[in-house]
1. Filter segment 60-88 down to the residues that are farther than 18 Å from I121 by Cα and either touching a residue at least 60 places away in the same chain (Cβ under 8 Å) or of a type in the set (S, T, Y) (or both) and list them by number.
2. Consider segment 132-178. How many of its residues are over 20 Å from I121 (Cα atoms) and either hydroxyl-bearing (S, T, Y) or part of a loop (DSSP other than H, G, I, E, B) (or both)?
3. Hey, G175 hits all of (1) in contact with a helix residue (DSSP H, G or I) (Cβ under 8 Å, 6 or more places away or on another chain); (2) on the phi > 0 side of the Ramachandran plot; (3) not aliphatic (A, V, I, L, M) but one; which does it fall short on?
4. All but one of (1) open to solvent by less than 40 Å² (accessible area, probe 1.4 Å); (2) modelled with pLDDT under 95 hold for Q11, so report the exception by its number.
5. Picking from T163, T142, which residue would you name as being polar (S, T, N, Q) and out of contact with any strand residue (DSSP E or B) (no Cβ under 9 Å at 6 or more places or on another chain)?
6. Quick one: in segment 50-104, which of the residues that are hydroxyl-bearing (S, T, Y) and assigned to a helix (DSSP H, G or I) is nearest to the chain's Cα centre (by Cα)?
7. List, please: which pairs have Cβ atoms under 7 Å, are six or more places apart or on different chains, and start with a residue in segment 1-25 that is more than 19 Å from G167 (Cβ to Cβ) and end with one that is open to solvent by less than 50 Å² (accessible area, probe 1.4 Å) and among the acidic types (D, E)?
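The values are calculated or read from the model by the stated rules, or taken from the named source; none is laboratory data. What you see is a predicted model, and the numbers here were worked out from it, not measured in a lab. Positions of Cβ are backbone-derived with ideal geometry, glycine not excepted, and every protein chain shown enters the neighbour counts. Heads up: the accessible areas ignore ligands, DNA and RNA and are worked out on the full protein's heavy atoms, side chains in. Shrake-Rupley method; radii C 1.70, N 1.55, O 1.52, S 1.80 Å.
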Amino acid sequence: MTYFGNECWVQKPGVAVVGSRQPHHLTIEWLNMELSLALQTTDYYTISGGARGVDQAVHLVSLRQNTATVSFMPSGLSCLYPKSFQYWAHEITEQGGAIVSQFSPFAPMYKSHFHARNRLIAGLCDFLIVAEARCRSGSLLTAKLALEMHKNIGVVPCSPMLTTGRGGLDLIFDGAQMLRDHLDVTTWVKPGITFDS
């Protein structure tokens, strides 16, 4: 395991947020408003995967709130993926966060790396927020890995007409906590609150 930045996970609870690479604009608005408010009133740091869409929105919200954020890469640290993420590296580390990889520094991105990266996201977090996930998606896979590790999961609901969010709705149907706003994030998504899969 290698990383740039700071070991913020040693001192603070971590909330991972995963979701679609092509999220509905209302999902991004929820993150900009409700996740921002949650970060203002807690000592969380955030965790995500650096991908376009929800992942990068989470990192951006964290930076705007002066909150540490950790990004797990599906590649080596000398081959950040996506390439555009290299422009985030300095600001993330300067603000107390980190960019982490379990791969050799010059390893390119491979599809198989995403599963390994998702396992680390699930493993490091104290709880996981799913913000818009398809039934077959890396985000839902991360949620299932988190369940296997007995982590706590909250889901931002969306319209059942949006296929990009039906995986999250399935999690709610199976007992995951529905997150309406920042108060739910700070009240419900805590260690000790779980559901049986």
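1. S78, S84, Y87
2. So the count comes out to 10.
3. (1)
4. Failed condition: (1).
5. When all the criteria are applied, what remains is T163.
6. Checking each candidate, the answer is S62.
7. Here the result reads none, with nothing in segment 1-25 linked to a residue that is open to solvent by less than 50 Å² (accessible area, probe 1.4 Å) and among the acidic types (D, E).
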